[in-house]
Structures are given as structure tokens and as C-alpha cells.
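Structure first, then comments.
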Amino acid sequence: MVTIKKTASRKLKLGVFVVFGTLLLITALYSIGNRQNLFGSNIKVITKFKNVNGLELGNNVRYSGINIGTVSKIQMIDDAQIIVEMIVKQSVGRYIKKDAVATISSDGLVGNMIVNIVPKESKAPPVVSGDTIQSYRKIGADDMLTTLNVTNENAALLTADLLKITTKITNGKGALGLLINDSVMARDLRLTIHELRKTSTEASKTMKEFNKIIKSIHQNENVAGVLLSDSLSGQKMKTIIDNLERSSIGIDEVTKNLNSIIKDIKNEEGTLNYLINDRDLVKNIDSTLNNIKEGTDKFNQNMEALKHNFLFRRYFKKNKNKSEQ
Amino acid sequence: MTQSLNIVKRTKAFFIEVRDLSFFAGKFFKEVFVRPFEFQELLKQCYHMGNRSLLLVGVTGFILGLVFTLQSRPTLMEFGAESWMPSMVGISIVREIGPVITALICAGRIGSGIGAELGSMRVTEQIDAMEVSGTNPFKYLVITRIMATTLMLPILIIFGDAIALLGSAIVENLKGAVSFQLYFNQVFDAIEFSDVIPATVKSFFFGFAIGLVGCYKGYNCKKGTAGVGEASNSAVVYTSMLLFVIDFIAVFLADIFFEI
């Protein structure tokens with residue numbers, strides 16, 4: 001009885017062991033197959049390259065950075081064209097447009113080669129199984145190495161030239177050699193640099209002062225500040241300047257007219273010219289004016305005498321009353 | 001002169017051993033499909049060789065994955081390629097290290113056990129008694145054991161691989177802050193059918209070799225207790241050698257068929 005129970009228990013344990021082991025294997029195989037898109041519905045997308053850069057069967061296919069499938073076939077159809085067939089998940093395939101571009105690149109610096117499908121922002125219809133999309137050849141490692149080789153050769157030439165130049169400089173040849181090897185020039189250069197330093201110190205001080213001025217202007221502490229910052233004053237100032245401009249134009253015209261009048265007076269024989277230039281006439285006028293003055297005084301005396309005369313006294317009195325009323 | 005004679009003698013003995021082993025294998029294939037099938041004995045042997053070895057294989061596999069990852073980490077870090085750890089460890093364990101190490105452990109445990117068990121049965125004339133009693137000792141003792149090792153070793157290897165990867169994932173999780181999901185995703189990204197199928201197929205041959213050599217050595221044990229020890233010891237030595245030969249042939253064929 002005990003042996004039978006023991007045997008049954010052993011059988012159960014063995015069964016569990018075998019089932020779990022088999023399940024592990026099946027899970028592993030399913031995971032691998034799933035990643036290689038062997039299960040589920042897939043579509044076939046084809047592209048053509050001139051050079052596949054070491055792409056192999058089973059390499060990943062990426063679309064917008066997501067692994068969506070694997071390379072299922074690589075076939076050379078002529079000396080310049082290689083067909084690359086890819087199995088892509090159908091669920092993602094509907095997002096790949098017919099004008100998408102396939103490129104071959106490396107997964108990391110030393111990683112496997114991958115096919116990258118780059119989407120285009122267009123309204124092209126999605127690919128269907130068997131469609132061929134266009135390809136684009138990126139710069140491969142070989143191209144980079146070739147470029148690097150050219151750069152290397154150039155660097156070697158540059159180094160050789162630099163060596164020649166440094167040898168000349170060391171030997172004191174050329175302007176730079178003289179500059180480095182001539183002690184007098186070095187001393188002069190040192191002095192120059194010293195002076196330059198002083199100058200720069202002074203310039204720095206000046207700049208500080210200038211900054212202060214600018215600052216004070218900004219802080220509205222003076223006329224300039226007010227003018228720069230107060231828009232009303234600025235407007236008034238503008239009006240004043242406009243008026244001044246107009247006035248200056250008027251003054252200019254008046255000056256021109258005066259000049260022409262003066263010119264006329266000087267050049268032509270008018271009364272005013274005669275009055276200005278004839279001295280005898282001036283004297284005569286002067287004496288005439290004196291005589292008039294004297295006459296006027298005497299006339300005033302006569303008029304005063306008339307007021308006191310009995311014949312005219314009444315008349316003057318009447319006038320005075322009228323004016324008072 | 002004596003030395004050269006010795007070499008000739010040893011070489012001759014080796015080829016005779018190979019011939020006898022081949023005949024023994026031939027007899028196995030001749031008898032395996034002929035009734036009666038000792039099914040209960042097969043299950044018993046499967047339990048002893050499979051379930052009883054699981055702990056040893058599991059512990060060894062776990063430590064193997066752990067140590068392998070710990071040792072490889074600094075070198076990969078020097079190149080800034082720690083992210084390649086899961087794929088490197090995964091491929092190494094599934095393709096080669098897992099099957100070979102598990103097979104060697106089983107050769108030590110099961111092969112020597114079979115050699116010693118059958119050897120002692122031969123020495124104590126139990127096998128002769130079975131023949132006299134009308135039971136076919138070859139069918140009952142040899143075929144069941146070879147079948148059991150052939151069937152159980154692939155399962156043990158699968159468990160060993162899984163536990164080794166788990167050990168590696170724990171190290172990566174603790175040292176490199178790589179999540180278990182990411183680790184196993186990267187492992188399955190790297191592993192292909194061309195890695196799993198040849199490894200699984202060769203594990204059947206490993207199991208067959210362990211059972212065959214163990215049974216052959218025990219079944220043909222010389223008289224005396226010393227013969228039992230020798231049978232047990234030589235079963236392990238011959239099996240280990242044969243495992244590497246089979247591994248070489250398997251890798252060679254896998255390279256031809258799967259272009260690994």
C-alpha cells in the first residue's frame with residue numbers, strides 16, 4: 001500500500017517536472033518566434049538597395065524607433081540591386097505609407113545592422129503586402145573610414161608644414177621667429193603691453209564714468225534725462241524746435257530782403273540814398289530842424305500871449321470849459 | 001619496446017571498447033522497439049534521474065549564471081557595453097554552457113550512479129539471476145535507464161538554462177538596475193531558433209551518451225568490488241569525453257545547417 005502511494009506520488013512529481021520543463025521550452029520557443037514575427041498576421045514589404053552593409057536575415061526592422069519586424073530575404077537581382085524582403089506586423093503595417101523610405105543603419109556603434117523605415121508626413125495610402133518602398137543609402141562605415149583616411153592624409157601634410165614653420169621660428173627666421181627670438185623686440189613688446197594695460201585701465205575708468213552719466217540720464221536727474229524719458233516734454237521740445245526752424249526760415253527771408261534793400265539803397269539814387277550819403281543835406285536838415293524848434297518856441301510864446309490878450313481871452317476860456325465838461 | 005607494445009595494446013583495447021560500445025548501442029536500438037516495454041521501470045528511472053537531479057542542476061545553474069554575469073560585467077563595462085550582457089549571457093548559456101555543464105553534472109551524478117548500480121548487480125550476480133529467471137535484464141535495466149537519461153536530460157537542461165538566466169538577471173537587477181522584464185526581453189531578442197533547436201537536439205544525444213556509457217560500463221563490469229568502482233569511475237570519464245565529442249559534432253553540424 002505504501003509502495004503504491006509512493007509510486008503514485010513519484011509519478012505525479014515526475015509529471016509536474018516534465019510538464020513544467022516542456023512548458024518552459026514552449027514558452028521560450030514562442031517568445032523567440034513571436035519576436036521573429038512567426039506567429040500572428042504579418043505583411044511583406046520589399047525594398048531595394050545598392051549596398052546592404054552587412055545586413056543579415058533576421059535583422060530587425062524598425063519604424064519610428066519601434067521593432068516591427070525582421071528581414072526575411074536578401075537577394076541580389078543584378079550587379080547593382082539587392083532586394084530586401086521584410087516581414088512586418090500587420091497591426092503596424094497600416095501606419096507605413098507607400099512613400100516611406102527604408103535605410104540601413106547600425107544598432108548602436110558596434111551593434112547589428114537594422115532596416116529603419118522612416119515615415120513621411122504625407123497622405124499616401126498605407127502599404128499592402130508585397131509593396132515596394134523606396135530606399136535611401138546612408139553614409140556607411142566604409143565611407144566614413146574613407147573620409148577619415150583623407151582627413152588623416154591632410155593632417156599628415158599639415159603636420160609636416162607645421163614642423164617646417166616651427167623649425168623656421170626656432171631658428172629665428174621670419175617675422176614670428178624674430179618676434180620670439182629678438183630680446184629687444186620682446187622688451188618693447190612688454191612695454192607696449194604695459195602701456196596697453198594702462199590704457200585699458202583708463203578706458204575702464206572712462207567707461208565707468210560714462211556709465212554713471214548714462215545711469216543719471218536714465219534716472220531723470222537732469223534735462224537730458226527728462227527729455228529722453230518724459231514724452232510730454234519731448235513733444236513740447238519738438239514743437240519748439242519746429243517753431244524755431246520756421247522762425248529761422250522767416251528770419252532768413254527777412255535778412256535776404258533787407259540785404260537786397262540795403263543793396264538797392266547803396267546802388268540806386270533814391271531819396272533815402274541821397275539822405276544817407278549827402279552830408280550837406282544832413283547839415284541843412286539839422287539847421288532847419290533847429291530853426292523849426294526855435295520857431296515853435298516863439299510860436300508857443302505868442303500863443304501864450306494871445307491867451308492873455310483881452311480879444312481872445314474869452315475864446316480860450318470857453319474852450320477850457322468845454323473840455324472840462 | 002615494452003612501451004610501444006603497451007601503446008599498441010592500449011590502442012587495441014580502446015578500439016575493442018569502441019566496438020563493444022557500438023554493439024551495445026546497436027543492441028539497445030534492436031531491443032528498444034520490441035515488446036515488452038518496461039514502462040513502470042522507465043517512469044521510476046525518469047523520476048530518479050530527472051526529479052532527483054533537479055536540485056543539483058538548479059543550484060549549479062543559478063550559481064553559473066550569477067558568476068558568469070559577475071565575471072563578465074567588468075570587462076563589458078570597460079567597453080561601455082553593459083547593455084549587451086543579457087544577450088551575451090543568454091546566447092552563451094542557451095547555446096553551450098547550459099547544456100554542457102548540465103550534461104557534465106549529470107554524467108557525474110547519473111552516469112556514475114548507473115555504472116555503480118549495474119556494476120554491483122553484475123558483481124552480485126543479480127543480472128545473471130534475472131537471465132535465469134526469464135526476465136530480460138537488458139530490457140529491464142539498460143533500455144529503461146538509457147531512455148530515462150535521454151528523455152530527462154533535455155528537461156534538466158531547460159530548467160538549468162532558465163535558472164542560470166534567472167541568476168544572471170538577479171545580478172543585473174542588483175548591479176545594473178536592469179528590470180527582469182527588460183533583461184528577459186533582451187535575452188529573447190538575442191536568442192534565435194538556431195540557438196535553441198541545436199542545443200535541445202544535442203541534449204538528447206548527451207542524455208543518450210550518459211545512459212549508454214553508464215549502462216555499458218556497469219553491465220560489463222568485471223568481477224569484484226574493485227570492478228564496481230572502476231565501472232563507476234570510467235563511466236564518468238568516458239561519458240565526459242564523449243560529451244565533448246558530441247558537442248563538437250553538434251556545433252559543426254549546427255554551423256552547416258543553421259549558419260550560426
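Would you kindly identify the helices (runs of 4 or more DSSP H) lying entirely within the range B:177-259 that contain at least 2 residues that are hydrophobic (A, V, I, L, M, F, W, C), away from every other protein chain (no Cβ under 14 Å) and in contact (Cβ under 8 Å) with a residue 12 or more places away in the chain?
B:193-219, B:225-258
Please work out which one of (1) over 60 Å from the mean Cα position of the chain (by Cα); (2) assigned by TED's automatic domain parsing to the domain that holds A:SER91; (3) charged (D, E, K, R) is the condition A:LYS48 fails and give its number.
Here A:LYS48 clears every test but (1).
Output the helices (runs of 4 or more DSSP H) that fall wholly within the range B:46-130 and possess 2 or more residues being of a type in the set (Ser, Thr, Tyr) and under 30 Å from B:GLY224 (Cα atoms), or say none.
Here the list reads B:112-123.
Residue by residue, here is whether (1) closer than 24 Å to B:ALA162 by Cβ; (2) assigned to a loop (DSSP other than H, G, I, E, B) holds:
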site: A:ILE4; (1), (2): no, no
site: A:LEU14; (1), (2): yes, no
site: A:PHE17; (1), (2): yes, no
site: A:PHE20; (1), (2): yes, no
site: A:ALA28; (1), (2): yes, no
site: A:ILE46; (1), (2): no, no
site: A:VAL52; (1), (2): no, yes
site: A:GLU56; (1), (2): no, yes
site: A:ARG62; (1), (2): no, no
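I'd like to check something: does the range A:87-100 contain any residue that is loosely packed, with under 13 Cβ neighbours inside 10 Å, modelled with pLDDT of 85 or more and of a type in the set (A, V, I, L, M)?
No, because not a single residue in the range A:87-100 is loosely packed, with under 13 Cβ neighbours inside 10 Å, modelled with pLDDT of 85 or more and of a type in the set (A, V, I, L, M).
Go through the range A:271-306 and give me each residue that's at pLDDT below 80, surrounded by 10 or more Cβ atoms within 10 Å (Cβ to Cβ) and assigned to a helix (DSSP H, G or I).
Result: A:LEU272, A:ASN273, A:TYR274, A:LEU275, A:ILE276, A:ASN277, A:LEU281, A:VAL282.
Evaluate the range B:199-214: report whether one residue or more is over 16 Å from the mean Cα position of the chain (by Cα) and closer than 21 Å to B:THR149 by Cα.
Start the filter on the range B:199-214 by keeping residues that are over 16 Å from the mean Cα position of the chain (by Cα), which leaves none.
So far as the range B:199-214 goes, no, none of its residues is over 16 Å from the mean Cα position of the chain (by Cα) and closer than 21 Å to B:THR149 by Cα.
The rows are residues; the columns are (1) at pLDDT 90 or above; (2) out of contact with any helix residue (DSSP H, G or I) (no Cβ under 7 Å at 6 or more places or on another chain).
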{"position": "B:GLU17", "(1), (2)": "no, yes"}
{"position": "B:SER22", "(1), (2)": "yes, yes"}
{"position": "B:GLY26", "(1), (2)": "yes, yes"}
{"position": "B:PHE29", "(1), (2)": "yes, yes"}
{"position": "B:VAL34", "(1), (2)": "no, yes"}
{"position": "B:PHE39", "(1), (2)": "no, yes"}
{"position": "B:LEU54", "(1), (2)": "yes, no"}
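Here's the yes/no breakdown for (1) in contact with a Lys or Arg (Cβ under 9 Å, 6 or more places away or on another chain); (2) closer than 21 Å to B:PHE208 by Cβ; (3) touching a residue at least 40 places away in the same chain (Cβ under 8 Å):
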{"position": "B:PRO36", "(1), (2), (3)": "yes, no, yes"}
{"position": "B:GLY58", "(1), (2), (3)": "no, no, yes"}
{"position": "B:ILE63", "(1), (2), (3)": "no, no, yes"}
{"position": "B:ARG73", "(1), (2), (3)": "yes, no, yes"}
{"position": "B:ALA81", "(1), (2), (3)": "no, no, no"}
{"position": "B:TRP84", "(1), (2), (3)": "no, no, no"}
{"position": "B:THR102", "(1), (2), (3)": "no, yes, yes"}
{"position": "B:ILE114", "(1), (2), (3)": "yes, yes, yes"}
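Residue by residue, here is whether (1) buried (at least 21 other Cβ atoms within 10 Å of the Cβ); (2) within 15 Å of B:GLY90 (Cα to Cα); (3) in contact with an Asp or Glu (Cβ under 8 Å, 6 or more places away or on another chain) holds:
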residue: B:PRO137; (1), (2), (3): no, no, yes
residue: B:GLU172; (1), (2), (3): yes, yes, no
residue: B:LEU182; (1), (2), (3): no, yes, no
residue: B:ALA199; (1), (2), (3): yes, yes, yes
residue: B:GLY211; (1), (2), (3): yes, no, no
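Name every residue in the range B:58-87 that is aliphatic (A, V, I, L, M) and crowded, with 21+ Cβ neighbours inside 10 Å, in order of residue number.
B:LEU64, B:MET85
Quick check on this structure: which one of A:ARG10, A:ARG62 is surrounded by 14 or more Cβ atoms within 10 Å (Cβ to Cβ) and either within 9 Å of chain B (Cβ to nearest Cβ) or not basic (Lys, Arg) (or both)?
The conditions single out A:ARG10.
Which condition breaks for B:GLU38 when tested against (1) surrounded by fewer than 16 Cβ atoms within 10 Å (Cβ to Cβ); (2) acidic (Asp, Glu); (3) under 19 Å from B:PRO137 (Cβ atoms)?
(1)
For the range A:167-190, check the following and say yes or no: at least one residue is modelled with pLDDT of 85 or more, over 30 Å from A:GLY65 (Cβ atoms), among the hydrophobic types (A, V, I, L, M, F, W, C) and outside the structural domain of A:THR70 (by TED's automatic domain parsing).
no
Which residue is nearest to A:GLY40 (Cα to Cα), if the candidates are limited to the range A:101-134 and must be of a type in the set (Gly, Ala, Ser) and surrounded by fewer than 18 Cβ atoms within 10 Å (Cβ to Cβ)?
Step by step, filter the range A:101-134, then rank; the result is A:SER129.
Looking only at the range A:56-74, which residues are of a type in the set (A, V, I, L, M) and over 43 Å from the mean Cα position of the chain (by Cα)?
Residues satisfying the conditions are A:LEU57, A:ILE68, A:VAL71, A:ILE74.
Going by the structure shown, is B:LEU54 without any contact (Cβ under 8 Å) to a residue 24 or more places away in the chain and among the aliphatic types (A, V, I, L, M)?
Judged against the criteria, B:LEU54 is not a match.
Residues checked against (1) more than 14 Å from every other protein chain (Cβ to nearest Cβ); (2) at pLDDT 95 or above; (3) farther than 24 Å from A:ILE32 by Cα:
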| site | (1), (2), (3) |
| --- | --- |
| B:PRO86 | no, no, no |
| B:ILE97 | yes, no, no |
| B:ALA107 | yes, no, yes |
| B:ILE110 | yes, no, yes |
| B:GLU117 | yes, no, yes |
| B:GLN126 | yes, no, yes |
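Please specify each residue of the range A:30-44 satisfying the condition of being part of a loop (DSSP other than H, G, I, E, B) and within 11 Å of chain B (Cβ to nearest Cβ).
Scanning the range A:30-44 gives A:GLN36, A:LEU38.
The values are calculated or read from the model by the stated rules, or taken from the named source; none is laboratory data. Predicted model only: the values in this text are computed from it and were never measured. We place every Cβ from the backbone using ideal geometry, glycine too, and count neighbours over all the protein chains shown.
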